[in-house]
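Here is the structure we will look at, set down as structure tokens.
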Amino acid sequence: MQKTKNRSSNSDPTSLLAIDVGNSHTVIGIFFKDKLRSQWHIKTDRDMTADELAGMCHTLFLMEGLGLHDISNAVIASVVPSMESEWAAFSRKHLEITPLLISGTDLETGIQIKTDHPEEVGADRIANAVAAYHHHGTALIVVDFGTAITFDCISAKGEYLGGAIAPGLGISMDALFERTAKLPRVNISEPPEGPIGTNTITAIKSGFLFGFGGLVEGLVKRIKKEFEPETPKVIATGGMAAIVAPYAESIESVEPELTLEGLRLLHEKNR
């Protein structure tokens, strides 16, 4: 792949490639100034090399009329250490950029991390908290429906207090179908008519959608008691958020681009 010889004259200095690497999926976004121009959701493949990532990005960018030379900055959040190093190598080799890595405790975040071990807080959770507090400026519970369902708690003062972690819908569904011989895989994006399934398909849909909705409601109710007298706003993000939100009345809004926006804000604070 031919590299741009004079990147400064071909790339927009305000362009930013934001990469959120999760255990199951990776979300890639391109910002121009503070506007999200394009985004893609791909499976996280732990075997991909920096060169293979370049080939994939080259193809994805072309579909949106963009090229690798259009990128002038990069920020990476990864919960998969091996992929953090490969994405960083891709950035240095193919974009000629030293990326900002959202890891460790030396970053300026704009919030105070009050957990017992701040270095253990996932990069995606930090990004979610930063974006949520930036936009809402109040006490918050952020529910992220990823490989795991995470609940992140932010005080009205901008303190990251901690949260809860539960198994996600995808891995729970995989476990169910791998351990049972007769249960079929179902598409839970098509809702059941009610909580009482009248056949195997609707029973599974009910169990997952009403069940995980109940999980969210139960945890949010307990967490809110810890906030008193504050009343936290509850927002959701992640790939399954829009599917589960109708079954969890406590969720006030679904913000699918929250993590990418958090990465943009972290880059802005630390560039």
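Counting Cα-Cα pairs of the stretch 67-159 in 5 Å increments starting at 0 gives whole-percent bin shares of 3, 12, 21, 19, 18, 13, 9, 4, 1. Over the stretch 154-239, all Cα pairs binned in 5 Å intervals from 0 give whole-percent P(r) values of 3, 11, 19, 20, 15, 11, 9, 7, 4, 1, 0, listed from short to long. If the segment from Ala166 to Leu62 were pulled out straight at 0.36 nm per residue, it would be longer than the present Cα-Cα gap by 33.7 nm.
Show me the trypsin sites (Lys or Arg not before Pro) within the stretch 8-71 that DSSP assigns to loop and that have at most 16 other Cβ atoms within 10 Å of their Cβ.
Numbers: sites: Lys33, Lys35, Arg37, Lys43, Arg46; in loops: Lys33, Arg46.
The qualifying sites are Lys33, Arg46.
Helix 200-227 against the longest principal axis of the chain: what's the angle in degrees, Cα atoms only, rounded to the nearest 10? Helix 200-227 and the main axis of the chain meet at about 80 degrees. Take the Cβ atoms of Asp47 and Glu108, set R0 to 41 Å, and the FRET efficiency comes out at 0.75.
With r as the distance between the Cβ atoms of Ala89 and Glu228 and R0 = 35 Å, compute the FRET efficiency 1/(1 + (r/R0)^6) and round to 0.05. Efficiency, rounded to the nearest 0.05: 0.15.
Here the stretch 12-28 is scanned for amide nitrogen atoms under 13 Å from the site 7 Å beyond the Cα of Glu119 along Cα-to-Cβ, giving none. For the peptides 70-76, 112-118, 198-204, 90-96, the ranking by mean Cβ contacts within 10 Å, running from highest to lowest, is 70-76, 90-96, 198-204, 112-118. Taken along its three principal axes, the alpha carbon spread of the stretch 7-101 comes to 34, 22, 22 Å, from the longest extent down to the shortest.
Summary of the geometry: the stretch 158-183 and the stretch 78-153, compared by the centres of their Cα atoms, lie 21 Å apart.
Residues in the stretch 68-81 carry Karplus couplings, in order, of 4, 6, 7, 9, 10, 9, 8, 9, 10, 10, 9, 9, 10, x Hz; the curve used is 6.51 cos²θ - 1.76 cosθ + 1.60 with θ = phi - 60°, and Gly or Pro positions show x.
Take every Cα-Cα pair in the stretch 196-241 and report what % of them are more than 13 Å apart.
For the stretch 196-241, the fraction of Cα-Cα distances above 13 Å is 67 percent.
May I ask which of Lys114/Lys233; Lys114/Lys224; Lys43/Lys93; Lys35/Lys269; Lys93/Lys269; Lys35/Lys205 have a Cα-Cα span longer than 26 Å here? Could the numbers behind the result be given before it?
Working: Lys114/Lys233 19 Å; Lys114/Lys224 18 Å; Lys43/Lys93 22 Å; Lys35/Lys269 16 Å; Lys93/Lys269 24 Å; Lys35/Lys205 36 Å.
Too far apart for the 26 Å limit: Lys35/Lys205.
Once you compute Rg and the Kirkwood Rh from C-alpha atoms, what is the Rg to Rh ratio for the chain?
Numbers: Rg = 19.8 Å, Rh = 19.8 Å.
That ratio is 1.00, to two decimals.
Residues in the stretch 127-139 carry Karplus couplings, in order, of 4, 4, 5, 4, 5, 4, 5, 4, 8, 10, x, 9, 5 Hz; the curve used is 6.51 cos²θ - 1.76 cosθ + 1.60 with θ = phi - 60°, and Gly or Pro positions show x.
Are there any GluC sites (Glu not before Pro) in the stretch 148-237 that are in a DSSP loop and have at most 11 other Cβ atoms within 10 Å? List them by number. Walk me through the intermediate numbers first.
Values: sites: Glu159, Glu178, Glu193, Glu217, Glu226, Glu230; in loops: Glu193, Glu230.
The qualifying sites are Glu193.
Near the amide H of Ser38, within less than 5 Å, lie the amide hydrogens of Ile30, all on another chain or at least 5 residues away, with H placed in the peptide plane.
Every number in this text was worked out from the coordinates using simple rules, so none of it is lab data. This is a predicted model, so every value here is computed, not measured. Please note: Cβ atoms are built from the backbone with ideal geometry, for glycine as well, and neighbour counts cover all protein chains shown.
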